[in-house]
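What follows is a short report on a single structure.
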């Protein structure tokens, strides 16, 4: 696959160096030298864990950035397929935020497709698992941030590809903005 060396991994060289001791180009050169272009994701992560000990989250971040830079992984691509997400922190308690997702009366004010979705599982004020009208999966996570603030994070999986995932990301960004307008004081 082609190399995409100009790809922005989303975290600056300064930030990655502060946490791992190296900038992106150094990590990519190390992985190229180790033959990572021919390795599976788990093998690259294991290599980083065993030989560089930068930490679990950073092992994953460096691996994904490397795969994307070398054309081995698309944006929004996960091992299980394509997934996109969005999140929003609002000035409401977590129970108010959860009710905005749980109550049909509130849902109809901000989520156009609410009537066609199926909630498979819900844990009040924590999470929801939803089957979307097109058969894809939506996971919603709620967390209290204290002082009357809470966050909702949406992950929409089983997308058809990177473009479809980008559309889902835009959809949820707009939906969460409508939610914010509808329930924020």
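The values are calculated or read from the model by the stated rules, or taken from the named source; none is laboratory data. From a predicted model like this one, the values you see are computed outputs, not experimental measurements. Cβ placement follows ideal geometry from the backbone for every residue including glycine, while neighbour counts extend to all protein chains displayed.
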Within segment 75-92, is there a residue that is free of Cβ contacts under 8 Å to residues at least 60 places away in the same chain and either surrounded by 19 or more Cβ atoms within 10 Å (Cβ to Cβ) or part of a helix (DSSP H, G or I) (or both)? no
Looking only at segment 93-111, count how many residues are in contact with a strand residue (DSSP E or B) (Cβ under 8 Å, 6 or more places away or on another chain), in a helix (DSSP H, G or I) and in contact (Cβ under 8 Å) with a residue 40 or more places away in the chain. 5
Counted residues, segment 115-156 - those being out of contact with any strand residue (DSSP E or B) (no Cβ under 8 Å at 6 or more places or on another chain) and farther than 24 Å from residue 76 by Cβ: 6
For segment 155-167, state whether one or more residues are surrounded by 13 or more Cβ atoms within 10 Å (Cβ to Cβ) and farther than 27 Å from residue 66 by Cα. no
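Kindly indicate which of 153, 122, 175, 115 is in a helix (DSSP H, G or I) and modelled with pLDDT of 95 or more.
On inspection, the qualifying residue turns out to be 175.
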Which count do you get for residues in segment 113-132 that are exposed (fewer than 12 other Cβ atoms within 10 Å of the Cβ) and under 15 Å from residue 175 (Cα atoms)? 1
